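Read the structure below first, then the notes.
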Amino acid sequence: MRPDMPGPNVVLLTLSLVALAAWLGLDTVSLAANRIVPGTGYRVFDVIGVGGALATSLPWLALAGLAWRPARHRLALALTLVVLMLSALPAWLSLSAVTLVDSAQARLGIGAGIWVVLFLQLLAMIELRRRLDLSRLIGWALVLPAVASAGLCLARWLEPLALWQEYRGRSGQFLSAVGEHLLLVGVAVGTSLALGVCLALAMRRWPGVQRAGFGLLNVLQTIPSIALFGLLLAPLAWLSANVDWLAALGVSGIGRAPALLALVGYSLLPMVRNTFVALEAVDAGVIDAARGMGMSRGQVLRQVRLPLAMPVILEGIRITTVQAIGLTAVAALIGAGGLGTFIFQGLGQAAMDLVLLGALPILLLALLVDALLGALTDILRPGGAE
Amino acid sequence: MIDLIHVTRRFGAATAVDDISLSVAQGELCVLVGTSGCGKSTTLRMINRLIEHSEGEIHIDGQQIRRFREETLRRRMGYAIQSTGLFPHWTVARNIGLVPRLLKWPATRIQARVEELMALLGLSMEAFAGKYPHQLSGGQAQRVGVARALAADPDILLMDEPFGALDPITRESLQDELRELQARLHKTIVFVTHDMDEALRLADHLVVMHQGRIVQQGRPLELLREPADDFVESLLGGEDRGLKEAALLPVSQRMLPLGPRLLARERIGQRASLREALSLMLWRHAERLTVVDDDDLPVGELSLRRLVGARSDD
């Protein structure tokens, strides 16, 4: 091996070989005669024969080869290959649909093989983006070909895809569920942010508040979410029955009011803890200088403490939001709406594809929010300081 | 002009500063020196009310400091600390302009003042104005810290071990710069340090503190020659005292006018200290040095006997 040649990229090598094994060994699609009966799994060679299956393994072997001697131009080539392979996954589903589906009632399910490959290919993409020092924005742009390919295939060939059928059956409902979900998360995170900052400031001022506050929030955090919804049921029902203006606001034992209350309760701890720690962690010397220079308490807080604490506070908002997106799914149980509705309907009807219709967008929303707030944190980091 | 009159500070049952009286004249550089925990920083921080005094009175130009609003008082005084306390999210220029902005100076005046100060501290405007503190070396950051303290042209400068975290070479050059600045600006400076060499180099008025009390104060030479007790003596370096004293005296004080003899080969500037002269003699095995002025012209000579000879209190 030449001295200027780096050693094999073990991450990429492993990812490509494991992905290949999953591709060949697991079911890539499943076919069911109708919505109710369980489907039969099909592996790659069930669809296109052994020769075809071996041919499809070539891109992975090429990827492994590129990972063996990872010079920069080879990594760039590998990234291109990964992007193309991701874009080819919807095409594979289309091919399976055309080959296998023979009746209008038949439904095509996405198999474990596809999910595993999708996951591993995305990991490979992240690894390559890091190795090649590409910006976050480019990283996101790299997903676009796959999204475009999926859109095209859905429009042309993927009518039998079960997930797609579930969506088309309730597209209006789906959009309003996404809206409700985002509304619940937004209001809960917004409220807990406002409350959390006030609480964190009060905790810094009065140590008593700090002890009591963290104690209470910790206890709140340990109550299981379903139990908390149950606990809120009785008092809120009583309130709406006895206080007219609350009833007029739409407060009742089930629905949005208890959901929001519980979400805010759960969101407070990470929000308060991050904000508190962020405000505490600001270098004592900087604060000493700020006060010694003659800044008032308010000026120290607004011009020094808050801006310096901002990255960690944003980190708290990010964690809280991602957590709230997941928790809101459970809130569907008490009639708060949102994407969780599909999950529980799907569970009730034993229709896994309906569960996916609720779960996948929740996953995507969480990833999206995570990425957006992460980027915002980077931008707000003062002067590129650590 | 700063006066501390029977000032005491207690923290609970502990007494951090115990009944000290101290007067710093206009334009004087007063150094508070002592071991850690002796109350020197507490004393400094009581002057700008970062710590309130429990008893006694503190006056600035004859007025009790409690008669001012805290912020007003602090904006009248420069403040520089060991960790520099530069705001990491602000550029150098913005950091320096902090107090003028607090005092609501017009933007053009702030800009001009920042440029003036950066020139004064030897920081080029193009290279440093837009930099962030984490991009500076320790010495540069401390220069910015001093520039910031001087920004609103305060009469009083409070400095809490500002050079404590720097390497010895940077520290010495900043000490020299501070002396030169002080010769030009004539600020009233209270400077806290635990480093006796630094204290002796800088002080017009040296205050030795121990366990919250002032054990001795006066001119550095006075303390060197007549330490009040064993503690002061040990702090002043015990057997190193002779060298410490020599470091305070300039060659010009001991040199003789040029005589009929040939000029000695080794030369030393008349502003150099006797300690440097002694070191040169040791290094070069020379018993005589030619003393030269700033233009390198011989103005006198210094012999080893003369250097170590009887003290002349001329």
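Observations on the model:
- If you wrap the stretch A:285-331 in the convex hull of its Cα atoms and look at it from every side, the mean projected area works out to 4.1 nm².
- Placing +1 on the Cβ of every Lys and Arg and -1 on the Cβ of every Asp and Glu, with nothing else charged, gives chain A a dipole about its Cα centre of roughly 720 debye.
- For the stretch B:2-244, the share of DSSP beta bridges that are antiparallel, to the nearest 5, is 50%.
- Rg(Cα) / (2.2 N^0.38 Å) computed for the protein assembly as shown, rounded to two decimals: 1.42
- With the charge dipole of the stretch B:200-255 set up from +1 on Lys and Arg Cβ and -1 on Asp and Glu Cβ about the Cα centre, the Cα lying farthest toward the positive end among the listed residues B:Leu221, B:Val208, B:Gly237 is that of B:Leu221.
- Relative to its Kirkwood radius, the Cα radius of gyration of the stretch A:171-384 gives an Rg/Rh of 1.05.
- Cα long-axis angle, helix B:168-185 against chain B (0 to 90 degrees, to the nearest 10): 80
- Rg of the Cα atoms in chain B, relative to 2.2 N^0.38 Å, amounts to 1.12.
- Shielding by partners for peptide B:96-104, expressed as the average number of C-beta atoms from other protein chains within 10 Å of each residue's C-beta, is 2.
- Relative to the Cα centre, the charge distribution of the stretch B:249-308, modelled as +1 at Lys and Arg Cβ and -1 at Asp and Glu Cβ, gives a dipole magnitude of about 320 debye.
- For the stretch A:171-188 and the stretch A:225-274, distance of Cα centres in Å: 18
- Burial ranking of peptide ranges A:91-104, A:127-140 (average Cβ count within 10 Å, highest at the top): A:91-104, A:127-140
- Those lysines that a straight Cα-Cα span of less than 25 Å connects to B:Lys40, excepting residues fewer than 8 apart in one chain: B:Lys187, B:Lys244
- Prolate/oblate/rounded call for the stretch B:249-308, Cα gyration tensor, a/c under 1.5 rounded: rounded
- Taking θ as phi - 60° and the Karplus parameters 6.51, -1.76 and 1.60, the scalar couplings of the stretch B:149-161 work out to 5, 8, 4, 8, 6, x, 6, 10, 10, 10, 10, 9, 6 Hz in sequence order, x denoting glycine and proline.
- Radius of gyration and maximum dimension Dmax of chain A, Cα, Å: 25.8, 82
- Average beta carbon contacts from partner chains per residue of A:280-289, 10 Å cutoff: 5
- Of all DSSP bridge pairs formed entirely within the protein assembly as shown, close to 60 percent run antiparallel.
- Counting only Cβ charges, +1 for Lys and Arg and -1 for Asp and Glu, the dipole size of chain B around its Cα centre is about 820 debye.
- Distant-in-sequence amide H partners of B:Gly130 (H built 1.01 Å from N, under 5 Å): none
- Phi to ³J(HN,Hα) by Karplus 6.51 cos²θ - 1.76 cosθ + 1.60 over the stretch A:295-304, Hz, x for Gly, Pro: 7, 6, 3, x, 5, 4, 5, 6, 8, 10
- Sorted peptide list for B:118-131, B:150-163, criterion being average Cβ within 10 angstrom, highest first: B:150-163, B:118-131
- Axial C-alpha extent at least 20 Å, average Kyte-Doolittle at least 0.5 - helices from chain A (DSSP): A:10-25, A:72-100, A:112-131, A:171-205, A:225-242, A:256-280, A:306-331, A:352-380
- The residues B:Arg113, A:Arg35, A:Arg205, when put in order of fewest to most other Cβ atoms within 10 Å, stand as A:Arg205, A:Arg35, B:Arg113.
- Residue by residue, the stretch B:286-300 carries 3J(HN,Hα) couplings of 10, 8, 10, 10, 8, 8, 10, 8, 5, 8, 6, 9, x, 10, x Hz when phi is fed to the Karplus relation 6.51 cos²θ - 1.76 cosθ + 1.60 (θ = phi - 60°); x denotes Gly or Pro.
- With a 10 Å cut-off around each Cβ of B:79-92, the average count of Cβ atoms from other chains is 6.
- For B:Lys131, the lysines whose Cα falls under 26 Å of its own Cα, not counting residues fewer than eight places away in the same chain, are B:Lys104.
- Kirkwood estimate for the stretch A:141-240, i.e. one over the average of 1/r between Cα atoms, Å: 18.5
Just so you know, all these numbers are worked out from the coordinates, no wet-lab data involved. Remember, it's a predicted structure, so these values are computed and weren't measured experimentally. We place every Cβ from the backbone using ideal geometry, glycine too, and count neighbours over all the protein chains shown.
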